[in-house]
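Please read the structure below before turning to the comments.
The values are calculated or read from the model by the stated rules, or taken from the named source; none is laboratory data. None of the values given here were measured: they were computed from a predicted structure. Methodologically, a virtual Cβ is constructed for each residue, glycine included, from the backbone with ideal geometry; neighbour enumeration extends over all protein chains shown.
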Amino acid sequence: MINLELFASIVKEFIRALRKGNTYNIRKNSYLIFGILWGMPIPIVTIGIALYYGNMAFSPANIFSEIITDPIQVFFLMHPILFGIVFGAMGTVRDEKERQKQEVDQLKDNFLSMVSHELWSPLTTVQGYVTFIKEGKAGPISRKQREFLEITNEEIDDLSTLIGELVDISRIESGKFEVKLDCLDIENVESRTVDFFRQALEKKNISLKNEIPRHLPYVLADRKRIGQVFTNLLGNAVKFTPENGTISISARENGKIVEFSITDNGIGIPEDKIDKIFDKFYQVDSTNERQYNGCGLGLAITKNIIELHKGKIWVESKIGLGSKFSFALQKCSP
Ligand code: ADP
């Protein structure tokens, strides 16, 4: 079925381009020359055919007489110009799109530096002072005050995670997100991540099983970024697993790769939503009343990180039974 709206917008864009000087500027718009060259064979062939069937030689005089006796040839003769204009307009549209993209990239860059300087720096300062007061370094505090400061700290952590994710997604989109691959002992990264979640796990009384075999081969990975992958996946597992649940982290060698899995017996993901959870800003429950925090960027960033490692990430899940997120990384060749 023809998408009429799309068709109308293309026509509008084309007409707008016809009014722009760039469409007819042979020095600035290479598409114009391209169009003229494309149109060139048409009058040559049509006049050639007419002369051939009229048993006339391909001479300038015969060409001229053919053009003035058969007006359709004038139409064919105009084809290089027509093609030039059509292609020239396409060039203008393309140049404008390119310019708009550059402007958006510039805006994104500005946003990025604004976010990192104007939001992150004061947040770090606030976090520092809250910790300072909580530890009693600014004078004695009551149990109630400590409790409130702990809540404040948790909220600050959530906010800095969100800012970090926004910065990462902007970098990914502008192609500035890079990984530095080294031979890495993943056990090291994994145990740091587990330590980070120790308190959250205890709070929900979730038992964590480490099923990573000893002496696992090293993998080719960026320490910081793979740490981020573990943090995202384990963080989600903790978040979406109810109290007294279980989470396990496992790994297995499979030829030239090592597969890691984080399995939980939490709420699970509906079958028809599984394909969407790696999309940015997607959340299975995105209503205002949702009980889980976050903004739906973690898995999109995680997928990008794994893809930058030339790895693979996938998920198996059953609603109400739990989820298993797995990713594969290449072994480090000795
Ligand atoms: P966020 O956690 O910030 O919402 P993510 O990109 O990490 O964003 O995850 C996207 C969505 O995928 C989540 O909102 C949730 O609906 C679903 N999801 C991710 N991990 C799990 C999990 N372990 N169990 C159930 N649902 C999950």
Checking residue 307 against (1) modelled with pLDDT of 95 or more; (2) within 8 Å of the ligand (Cβ to nearest atom); (3) over 24 Å from residue 194 (Cβ atoms), the condition it does not meet
(2)
Quick one: which residue in 137, 180 is closer than 21 Å to residue 112 by Cβ and modelled with pLDDT of 90 or more?
180
I'm trying to understand the selection: among the residues of region 81-107, which are farther than 30 Å from residue 44 by Cβ and surrounded by fewer than 15 Cβ atoms within 10 Å (Cβ to Cβ)?
97, 98, 99, 100, 101, 102, 103, 104, 106, 107
Take residue 126 and tell me if it is farther than 22 Å from residue 300 by Cα, surrounded by fewer than 16 Cβ atoms within 10 Å (Cβ to Cβ) and more than 16 Å from the ligand (Cβ to nearest atom).
yes
Given (1) surrounded by fewer than 20 Cβ atoms within 10 Å (Cβ to Cβ); (2) modelled with pLDDT under 95; (3) within 11 Å of the ligand (Cβ to nearest atom), identify the lone condition not met by residue 288.
(3)
Using beta carbons and a limit of 7 Å, which pairs, at least six apart or on different chains, have the first residue in region 95-116 and closer than 19 Å to residue 30 by Cα and the second one of a type outside the set (D, E, K, R)?
95/22
Starting from region 305-324, keep only residues that are free of Cβ contacts under 8 Å to residues at least 24 places away in the same chain, then list their pairs with residues that are not hydroxyl-bearing (Ser, Thr, Tyr) whose Cβ atoms are within a distance under 6 Å, requiring at least 6 positions of separation or different chains.
312/328; 316/324
How do the pairs read when you match residues in region 244-260 that are on the phi > 0 side of the Ramachandran plot with residues anywhere that are crowded, with 18+ Cβ neighbours inside 10 Å and modelled with pLDDT of 95 or more, using Cβ under 8 Å and keeping only pairs 6 or more apart or on different chains?
244/206
Of all residues in region 199-215, which are modelled with pLDDT under 95 and within 31 Å of the chain's Cα centre (by Cα)?
200, 212
Of all residues in region 316-334, which are of a type in the set (Ser, Thr, Tyr) and near the ligand (Cβ under 10 Å from one of its atoms)?
317, 323
What's the number of the condition residue 163 fails, among (1) on the phi > 0 side of the Ramachandran plot; (2) of a type outside the set (Phe, Trp, Tyr); (3) touching a residue at least 40 places away in the same chain (Cβ under 8 Å)?
(1)
Could you please find all residues in region 173-213 being part of a loop (DSSP other than H, G, I, E, B) and touching an Asp or Glu at 6+ places or on another chain (Cβ under 8 Å)?
174, 177, 179, 180, 181, 204, 205, 206, 212
In contact (Cβ under 8 Å) with a residue 12 or more places away in the chain and either surrounded by fewer than 13 Cβ atoms within 10 Å (Cβ to Cβ) or closer than 16 Å to residue 218 by Cα (or both): does that describe residue 282?
no
I need a count of the residues in region 209-233 that are surrounded by fewer than 18 Cβ atoms within 10 Å (Cβ to Cβ) and within 16 Å of the ligand (Cβ to nearest atom).
1
Looking at (1) farther than 30 Å from residue 311 by Cβ; (2) in contact with a helix residue (DSSP H, G or I) (Cβ under 6 Å, 6 or more places away or on another chain), can you tell me which one residue 129 breaks?
(2)
